[in-house]
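All remarks here apply to the structure that follows.
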Amino acid sequence: LAFIAASVAIAVFNFVFFAPKKGIAASIAADTRGGPIMTLAFLLLVLLPLGIGVLPLFGFYDTATELQSRLFQSGVVLILSAISVSVLMRLNYVALRRFAFRQTVVRRAEIEAIRSSAIGAQASGEAVPTSRSSDEVDSVKINDQTRSILSGLAGLGFLIGLWAIWSPLLPALGIANDIVLWQRSHIANGIEVSSDVTLWNLTLSVMFLGGGILAARNIRGILEIGIFERMSLDAGERYAAVTILGYVIVALGLGLSFAQLGIDWSKLQWIVAALGVGLGFGLQEIVANFISGLIILFERPVRVGDTVTIGALSGTVSNIKIRATTITDFDNRDVLIPNKSLITENVTNWTLTDSVTRLTLYVGVAYGSSISHVRSLLIDVIEAHQDV
């Protein structure tokens with residue numbers, strides 16, 4: 001009777017708390033619209049405790065207690081996961097607001113400094129021009145990346161909690177460990193030992209690889225708010241750090257994925273050696289571009305946001321990838337330059353140490369013209385132009 005009463009109490013609590021229109025959860029998530037899935041979930045949350053509570057009347061008391069206990073634990077894990085992700089989202093929102101505020105303060109200080117230098121400049125010239133800042137960060141994109149990582153971590157923690165709760169009760173959940181795909185062998189204490197690679201190992205391998213790729217694509221949001229905000233790094237240094245860390249995360253996920261499949265370095269080294277010889281002959285340009293890209297990211301002779309000239313091409317570096325660097329020319333066209341060209345050819349970086357650059361303009365006039373009159377005409381034109 002106590003168990004039945006507790007089951008009814010749980011059902012009533014779920015009804016009051018998760019009611020689609022007037023429940024407590026609905027008032028908390030006021031901006032979330034309910035749909036058929038939410039309605040079905042609400043019915044399950046109310047009817048499952050009642051259904052389990054009725055089982056003792058038919059003699060299934062032990063089964064009912066096990067199911068109700070684990071269902072209650074699942075609800076606790078769900079609530080803890082929701083609270084955790086809400087707290088993390090709130091912390092992310094506050095940190096993002098502070099980050100945007102500091103960016104605004106720095107931007108206003110730069111504008112004020114440029115305005116003061118323009119007012120104090122001599123009329124004869126040498127005024128400091130307004131330099132285009134490349135340190136601004138897209139706060140909306142960072143917020144989306146951070147929310148994706150936090151939501152993924154919360155979802156992963158929730159699934160792990162459900163697995164820990166229900167796997168002892170439902171042996172069918174462990175069937176993936178019983179499906180053997182192939183055998184793997186390794187040396188332990190000088191003895192060759194064989195082990196099975198199951199469907200569960202394959203699933204973990206795919207999860208490690210996919211998780212590494214997703215983390216590498218969205219890690220910038222966490223770094224910008226949590227680490228870069230407290231360090232004095234320019235846009236090029238931040239980009240290089242994010243790119244290199246992304247490569248490390250992908251390599252780590254790839255290593256963990258191979259480990260689940262029983263592929264360790266002792267078995268890969270001969271394949272890598274053979275591939276190295278093949279790449280040296282057939283794909284040496286791609287390998288050269290990859291190594292050159294790593295040199296660019298570490299040495300940083302060219303950074304994202306720099307204005308460069310390579311041969312007859314001039315433009316702004318907009319992206320640095322594994323194989324090529326994207327340069328946006330002054331006609332707003334994206335040109336892909338192999339990374340090897342940035343290392344082996346002559347590159348003029350206009351903004352490596354200072355974004356202020358002087359342009360020398362040559363004006364030709366006919367022989368015998370009055371030089372003083374030409375000069376006065378040019379100065380009159382310059383002084384009459386509102387942007388000079």
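The values are calculated or read from the model by the stated rules, or taken from the named source; none is laboratory data. Worth saying up front: this structure is predicted, and the values here are computed from it rather than measured. Note that each Cβ is placed from the backbone with ideal geometry, even for glycine, and that neighbours are counted across all protein chains shown. Accessible surface areas use protein heavy atoms only, side chains included; no ligands, DNA or RNA. Shrake-Rupley method; radii C 1.70, N 1.55, O 1.52, S 1.80 Å.
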Pair list, Cβ under 7 Å, 6 or more apart: segment 70-95 residue within 16 Å of I222 (Cα to Cα) and in contact (Cβ under 8 Å) with a residue 40 or more places away in the chain, other residue exposed (fewer than 14 other Cβ atoms within 10 Å of the Cβ) and of a type in the set (S, T, N, Q):
V85/S151
For segment 310-330, check the following and say yes or no: at least one residue is among the polar types (S, T, N, Q), within 19 Å of E285 (Cβ to Cβ) and without any contact (Cβ under 8 Å) to a residue 60 or more places away in the chain.
yes
Scanning segment 2-16 residue by residue, those open to solvent by 50 Å² or more (accessible area, probe 1.4 Å) and more than 14 Å from L55 (Cβ to Cβ) turn out to be A2, A5, A9, V12, F13, F15, V16
Keeping to segment 242-290, report how many residues are modelled with pLDDT under 75 and of a type in the set (S, T, N, Q).
3
What number of residues in segment 49-60 are assigned to a helix (DSSP H, G or I) and either surrounded by fewer than 13 Cβ atoms within 10 Å (Cβ to Cβ) or touching a residue at least 24 places away in the same chain (Cβ under 8 Å) (or both)?
8
Of the residues that sit in segment 306-365 and are of a type in the set (V, I, T) and part of a loop (DSSP other than H, G, I, E, B), which one is modelled with the highest pLDDT?
V365
Name every residue in segment 329-382 that is open to solvent by 60 Å² or more (accessible area, probe 1.4 Å), within 15 Å of V308 (Cβ to Cβ) and among the acidic types (D, E), in order of residue number.
D334, E345, D354
Identify the residue in segment 119-168 that is outside any helix (DSSP H, G or I), out of contact with any Gly (no Cβ under 9 Å at 6 or more places or on another chain) and open to solvent by less than 40 Å² (accessible area, probe 1.4 Å) and, among all such residues, is modelled with the lowest pLDDT.
G125
